[in-house]
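The values are calculated or read from the model by the stated rules, or taken from the named source; none is laboratory data. Bear in mind that the values here come from a model prediction, so they are computed numbers and not experimental data. Note: ideal-geometry Cβ built from the backbone for every residue, glycine included; neighbour counts use all protein chains shown. Each accessible area value is taken on the protein alone, full model and side chains, heavy atoms only, with ligands, DNA and RNA left out. Shrake-Rupley method; radii C 1.70, N 1.55, O 1.52, S 1.80 Å.
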Amino acid sequence: MTLYDQFIKDVHENPKDHCKYVKLAVARHERDLKKDWKYKFDRDKADRVIKIVKTLKHTKGSFLGKPFDLQPFQAFWIAMVFGWVNKITGFRRFKKTYTEMARGGGKSEFMAAIMMYMNYFDKEGAPVGIIAATKWDQAKYVYDPIVAMCKAPGTCDTSATLCQCQCDAL
């Protein structure tokens, strides 16, 4: 069972532990799986992103240097964003997301890992990742881990030249 399937199961088995928006997201996913329409859920694409993110390493705190041990809710988020694609074009269904987590929940490192994937492994021609914050100090909570992940030995072995060029520019 994948981590995101585990999360879906947990939402069903423990509904009181999840807010209404999480329950709605799970319900939409399950409903959309049954539809005959222009989108499909591509497990291979979702699993690829999860696999790559799990190879990246934390850049600070008590997890410094340790690979991401994604939690089921994080895997569900990744699967929903990257797994739902247009049947014809293969482009993602969801192009914008809004993510909210409690303070200290690891959102900055998680979003840095997602941006690393999108910039170096997504196979998009000219990716643009935007970090939105009201102040530069807040944006640096995501920006600094991206730089650190990019410069970490072994991070970008599959696209070393591209990553090194980007890191030099940072």
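Counting only residues 5 or more places away or on other chains, whose amide H sits under 5 Å from the amide H of His58 once H atoms are built in the peptide plane?
For His58, whose amide H was placed from the backbone, the distant partners under 5 Å are Gly65, Lys66, Phe68.
Determine Rg/Rh for the range 41-124; Rg is computed over alpha-carbon atoms and Rh is the Kirkwood hydrodynamic estimate from the same atoms.
Taking Rg over the Kirkwood Rh, I get 0.97.
Show me, for the range 54-64, the HN-Hα J-couplings you get by feeding each phi into the Karplus relation (A = 6.51, B = -1.76, C = 1.60, θ = phi - 60°), rounded to Hz, glycine and proline as x.
Coupling constants for the range 54-64: 5, 7, 6, 10, 4, 10, 6, x, 5, 9, 3 Hz.
Ignoring any ligand, DNA or RNA, what whole percent of the accessible area of the range 29-70 comes from carbon and sulfur when the probe is 1.4 angstrom?
Here it works out to 53 percent.
For the range 1-77, what is the convex hull (Cα atoms) projected area averaged across all directions, in square nanometres?
For the Cα atoms of the range 1-77, the hull's average projected area reads 6.4 nm².
Out of residues 5 or more away from His18 or on other chains, whose amide H comes under 5 Å of its own, with H placed 1.01 Å from N in the peptide plane?
The answer is none.
Hey, what angle do you get for helix 72-83 against the long axis of the chain, alpha-carbon based, 0 to 90 degrees rounded to 10?
90 degrees
Can you pull the percent of the range 76-161's accessible area that's carbon plus sulfur, 1.4 Å probe, other chains left in place?
Of all accessible area on the range 76-161, carbon and sulfur atoms account for 58 percent.
Can you work out the accessible area per residue across the range 57-113, with the rest of the protein chains kept in place, probe 1.4 Å, in square angstrom?
Per-residue value: 60 Å².
Name the long-range amide H neighbours of Tyr39: under 5 Å, sequence gap of 5 or more, or other chain; modelled H, no Pro or chain starts.
Lys87
So for each of 68-76, 113-121, 88-96, 7-15 I average, over its residues, the number of other beta carbons within 10 Å; can you give me the resulting order with the highest mean first?
Packing order, densest peptide first, comes out as 113-121, 68-76, 7-15, 88-96.
Using the eigenvalues of the Cα gyration tensor, what equivalent ellipsoid semi-axes result for the chain when each is taken as the square root of five times the eigenvalue, whole Å, largest first?
For the chain, the ellipsoid semi-axes come out as 28, 20, 15 Å.
Work out from phi, with θ = phi - 60° and the Karplus expression 6.51 cos²θ - 1.76 cosθ + 1.60, the ³J(HN,Hα) of each residue of the range 127-141, listed in order in whole Hz, and give x for Gly and Pro.
Values per residue, Gly and Pro as x: x, 10, x, 10, 9, 9, 7, 7, 9, 4, 4, 6, 4, 5, 4 Hz.
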